[in-house]
Every structure is written in structure tokens, then in C-alpha cells.
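Written below as C-alpha cells is the structure these notes are about.
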Amino acid sequence: EPFAKSIGSYLQKGFQKGVPSLFQSVKYLYATPDKVQIIDSLLNNYLNNLNKYGTFEVSSDNDEIEPASTLLWLQYYLAQHYDYLGKIDKAFEFIDQAIRDTPTLVELYMFKAKLFKHAGDFQMSASWMDEAQSLDTADRFVNCKCTKYFLRANQINTALDIAGKFTRENSSPVEYLREMQCMWFELETAKAYRRLKKYGEALKKCHEIDRHFQEFVEDQFDFHSYCLRKMVLCAYVEMLNLEDHMKGHRFFRQAAQIAVEIYIRLYDHPLSEQDNDKDENLANMSASEAKKLKNKLRKQQLREQQEKQKQIDAERKKKEFQRNRNKDDGEEEKIKEDEIIAEKLEHCEKPLEEAMRFLQPLEDFSANFLETHYLGFEVYYRRRKYLLMLRCLKRMKKLDSNNAKLHLCLMKFLKLIETEPINDERLRILIDEELQTFDIKQGNSIKKVEDLNTDFLKKNFNSLIHRAEAAKVMLLLNSTNNLKAIEFLTILDPNFTDQNLKTCSNIYEGMQLGDYGSIENSMLEKYRNECHRLWPQANLFQLNTSLTVEQSQSSATAPPPPYSSNDIQTNGGKNAAT
């Protein structure tokens, strides 16, 4: 077959030359199942022949024996191949064999770290990436990858130490990276703080990213006069076009989404109420349980105080260094920007107004993303802005008419206008006219929310994501009896098309955060055990998912334990290999 001959020749040259990016160059072919089967057959044939004869084809007297590196790069490719297909146990077998044969190749350790990430084990993933970084400490790319993996493992202090190897001496890595406008680091740090429920610190990083984009806009004024003076009109036109979509950049979009989500959560669950809930929980506990929880909270506060003191000391050293340098150079100290205080951000009086600061640019520059309008609806829903809610619904429908979040928002809107009738007749008529565009009518009247939710479930019976949003609608209709909704939500079936680690992790985190109402610990533990059975390596579904600072530091320095292919069970596929 022509395709088999062409792709075979291309792959053989890549294995002979040792091209690390070979899989990335042909990954687009994996969209066609027939081509995947051909590639899989070729790879296994090459592996068998190289092991037996040392050549790609059946050996003959005229064939030249391939060097050992050819088999190495074939094993590396096979690991990526099976990881993409969701067969992560086979991927581990090939990458382990490659590491045993060549224990000094950085790419092998990096990909093994990636495999652990796909399995949900972020702690082991960070350890293996640290092992890769130790093999080549002068490589900035590997250093950045190692930093990112430690942040995803919520080991922020260790990540700062790794990043500090490439920052300016005698300066705090945090301050240096902020001055250099290293937004990928700030974005990953914000995500880590959000996972740790340190919402103030997460918001601080989001505001710092927003400040970077404000600085970009201010810098354009200097560039404006420069372009006119130097008559570089092509660059000037490009600059003007950049102004039209600057805040549409993915870094700002992701930071804004995180900020809006946190402000919504702070509006629904202010920190003062959370503190009161802790006191109530202590009152309901036994003496021994209360003592254990108090000790745990005391240790957590001590760790936070130590982290703050460390940051204060680093800031003081930085100021002294800057002051001495300015004194030696005869420069005056620049006026420092207003410092962003995390505690003020998480205790803001009007979270929804603060959310609008990030939501408005999202609607202006990221209107092609459904998440933008979903967040917009959630904000306007709490502010009771009916027309703005309707606008978000129409835009979501235009982007994806069968999206699960669209269904949830539409049901919340219908329930709202049912329980809180609109007094303004003109507004009521306008809303009725716009609702005609949605498939919710039965004759001249709108269907009941219960019936719409049932129809939605029948249409998407094999989708776990749609079932999760339908469960929220069940709770919306009857919040007092949520047992039926939780039992419905926690059913796992291999026939679900989207039952994967990411989806189940989002559902479990939502259950922990109270998105599905009050859930008994027994139900939560049952769901965790079921997910742990499917993904035993995933940190989220293990009993001890949080690490102390001491554990984080020790796991960063200790060598990774050997891997057994029996430790991994996962289903996934193309979505898992990102």
C-alpha cells in the first residue's frame, strides 16, 4: 500500500537519525483509525525484526545492521504511540526498557514524567522530571518543565527553588519572574494556590497577570512615537492591530477565568462563613477528633507563617541589594507599584464587582470560547441581570447547542423566572420572544424544567459530563432530598463515552467543594474508592492527597521508586495524551 510504504520510509529515517519530535510530526495521522492500524503493525514488525536480526526488514546478506540507538528511538516512539492510544501500561513497558538500556538520555525521563502525569500521579511525575533536570542542569527548557510539574504537584516552594537556578542572584525568584513578566509561571502558580484553596494568593497572581497586560498597553505609547519618528509604518500598523485583541491572549484568558471562578465562589461561600463552619464542625466532633483537627490546623498555620516570613526575608534582602546597587550607580529609587495584598483580595466586600473587572475583557476579546459566556451567566445570575443572562444563553447556544453547561444555565434561568416573576411587562415579553429560539416549547407554553431535564438525559444517556450537569438541575429542583441526585451522579459505566480521569476528577472536586449540595462522607468515600479502582495512581483518589512542606521537599530529593506496570489502570485515549 502506498501509505504504508511512505510512512514506513519516513519512520525508519527518523529512528536512524534519532529525532525526538518524530511522533509529533506524524500525530495528525492518528485521526484516521485505518492509518493507526497500519502504523501499529509497522512498529511491531520493526521491533520484532530489530530484536531478532538488527534490521527493519527480515535480514539478508546485503542488509546493514542498524546501530543500537535505532532500537532505542523506536522504543521511545512506541511509548508515545501507546500513550496516545490510552494503553499506558504498554507505554510504561517500552519507556522503562529504554531507560534500562540508556539511563543517560534526558528525553526518556521527561516522557516517563509525562506518563505519570497522564495517570494522575503528579507527585511521581514531578519526581521523574526532577530526575531529568538533574541530568542536564544547564538546560533552561528542562528547568521550566520541572518547575511546571512541581507546581502541578502543588509543591510551590520546591518549584521556586528549581526556577531560582536560572534567575538573577541575590534576588527572590518570585520577584524576578514577576519583573520578567513570566506569565506561564504565574498562571500555574495561581492554579496551584486555587487547588490548595488559598484563594487570596491565587487572585494575587491573576491580578499580576492583568497588570502585565496594562503595562503592555502603556508601552505602546512609547512605541507610537518611535514608529512615527523612524517611519516604520508596517510595524506601526501591526501594533495598532495588536491593540484590538491584546487581552485575547490565552494567558490573560485563563487568568481571568480563574479569577472570575474564585470571585463567584467567594460570593457564594465567604471566608467568614467558612470559618464559622469550622467552629460548628469542631463542636459536633468528639474530643479526640477535635484535638486532631486543632493540631492539624495549628501546624497548617505554622507552615503558612513560615512561608510568609521566608517571603518577607527575601523581600528585605532584595530591597537592600537594590538600594546598594542604586547607590553605587548613583540612581534614584523608582516609585514602587502599589503592592497587591492577597488577604484584601479574598476578603473583598463586593466579589461580583471585582469579577466584572475580568469578565468584561473576556466578553470583548474571548467571545469565541463557551466558558466565557458560562462564567458571564453565573455572574449575571447572581446579579439578577435578566437580559445579560439571556445574551449569554444565546451565545452559548450559537457555539454549542448541546453543551451540558448550556443546559444547566437554561434550566436555572427558567427556574428563576418561574420562582421570581418579572414585573416589567416589556422585559417579560422580550424574554418570551427570545426563548422561542430554544427548543423548550410544548404547544404555546414552556415545558416544565423536570421534563426538559428528563429529555436532556434521554438524549445524552451515555455522557458522564451531561449526567453531572443534569444532577445539578435535580438539586436545583429539590435541594432538600439530594440522595437520588448523588446516587445518579456517582454511577460509573464503561459505556460512557467521556468517562475518563479528567471528567471524574472534576466531578469529585465539585462534590468536595459543595457544588452538588451536602454529601454524606460515606457517599463521597464510595465514589472515591470506585475512581481509585479505575485510576489507582491518581493522587486525587488516594487517601492522603495533601503533602506537607517537609514531604514536598523530601519527595523532590528522593530518587523515584521503580515502576510496575500493574500499578496503572486507565481508560482514555486521544484526550489523555495532551
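No value in this document is a laboratory result; all are computed from the given coordinates. Fair warning: this is a prediction, and the values are worked out from it, not measured in the lab. Cβ placement follows ideal geometry from the backbone for every residue including glycine, while neighbour counts extend to all protein chains displayed.
Which order results if Thr55, Thr70, Thr480, Thr497 are arranged by neighbouring Cβ count within 10 Å, fewest first? Lowest to highest Cβ neighbour count: Thr480, Thr497, Thr55, Thr70. Placing pseudo-labels 7 Å out from each Cα toward the beta carbon at Phe488 and Glu420 gives an inter-label distance of 2.4 nm.
Rounded to the nearest whole angstrom, the semi-axes of the ellipsoid equivalent to the range 461-546, taken from the Cα gyration tensor as √(5λ), stand at 20, 16, 10, largest first.
Multiplying the residue separation of Lys502 and Arg168 by 0.36 nm and removing their Cα-Cα distance gives an extension gain of 116.5 nm. Over the range 400-549, all Cα pairs binned in 10 Å intervals from 0 give whole-percent P(r) values of 10, 36, 29, 16, 7, 2, 0, listed from short to long. For each pair in Lys385/Lys447; Lys27/Lys87; Lys145/Lys204; Lys350/Lys385; Lys87/Lys472; Lys197/Lys344, compute the distance between the two Cα atoms and list the pairs where it is over 27 Å. Pairs exceeding the cut-off: Lys87/Lys472. Among His81, His212, a tally of other beta-carbon atoms within 10 Å of each Cβ gives an order, fewest to most, of His212, His81.
By its C-alpha gyration tensor, with a ≥ b ≥ c as the square roots of the eigenvalues, how is the range 190-234 shaped: rounded for a/c under 1.5, else prolate for a/b larger than b/c, else oblate? Taking the square roots of the gyration eigenvalues as a ≥ b ≥ c, the range 190-234 is prolate. On the beta carbon distance between Phe216 and Lys17, with R0 = 45 Å, the FRET formula returns roughly 0.65.
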